[in-house]
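The values are calculated or read from the model by the stated rules, or taken from the named source; none is laboratory data. Please read these numbers as outputs of a predicted model, since none were measured by experiment. Cβ placement follows ideal geometry from the backbone for every residue including glycine, while neighbour counts extend to all protein chains displayed.
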Amino acid sequence: MKLPKEFQLVYKRGKAAHAKSSVLFYLKGKEYKNGFTASKKVGNAVYRNRAKRRLRALFLEFSPQITTGTYIFVAKEAIRNVSHDDLKRDMQRALKKVGALE
């Protein structure tokens, strides 16, 4: 996903699940789409890119178990201090909350 219109559609019509380290927005659909964002609150470009890479890698771990749709993960400031296991637990809870895990 690259267009702001696509992101806005998911923000407005999708379900949201907040976790300590990130926020998940999910909109059910027929195909897989995903987006990863981090605001300047997360830190400079190095920290923002690291946060998005971490979220992307974990999403790939869960991808065989999830339903089709559009997923947007927004990194929170706390992601800088969260361990891999805690981040994985947060993502799993968020996916379950929006009903995306099979």
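A compact table of results
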{"item": "The range 85-102 residues that are over 14 Å from residue 65 (Cβ atoms), paired with ones that are part of a helix (DSSP H, G or I) and of a type in the set (D, E, K, R) (beta carbon under 9 Å, 6 or more apart)", "result": "87/54"}
{"item": "Residues of the range 80-99 satisfying the condition of being of a type in the set (A, V, I, L, M) and over 13 Å from residue 24 (Cβ atoms)", "result": "82"}
{"item": "Checklist (1) modelled with pLDDT of 95 or more; (2) within 18 Å of residue 2 (Cα to Cα) applied to residue 42, failing item", "result": "(2)"}
{"item": "Residue list for the range 29-67, restricted to those being basic (Lys, Arg), under 21 Å from residue 14 (Cβ atoms) and either in contact with a Gly (Cβ under 8 Å, 6 or more places away or on another chain) or surrounded by 11 or more Cβ atoms within 10 Å (Cβ to Cβ) (or both)", "result": "33, 52, 56"}
{"item": "Residue in the range 3-21 that is buried (at least 16 other Cβ atoms within 10 Å of the Cβ) and hydroxyl-bearing (Ser, Thr, Tyr) present", "result": "yes"}
{"item": "The range 91-102: number of residues that are in contact with a helix residue (DSSP H, G or I) (Cβ under 9 Å, 6 or more places away or on another chain) and modelled with pLDDT under 95", "result": "3"}
{"item": "Selection from the range 23-38 of residues that are among the charged types (D, E, K, R) and in contact with a strand residue (DSSP E or B) (Cβ under 6 Å, 6 or more places away or on another chain)", "result": "28, 33"}
{"item": "Qualifying positions in the range 1-49 - in contact (Cβ under 8 Å) with a residue 12 or more places away in the chain and of a type in the set (S, T, N, Q)", "result": "21, 22, 34, 37, 39"}
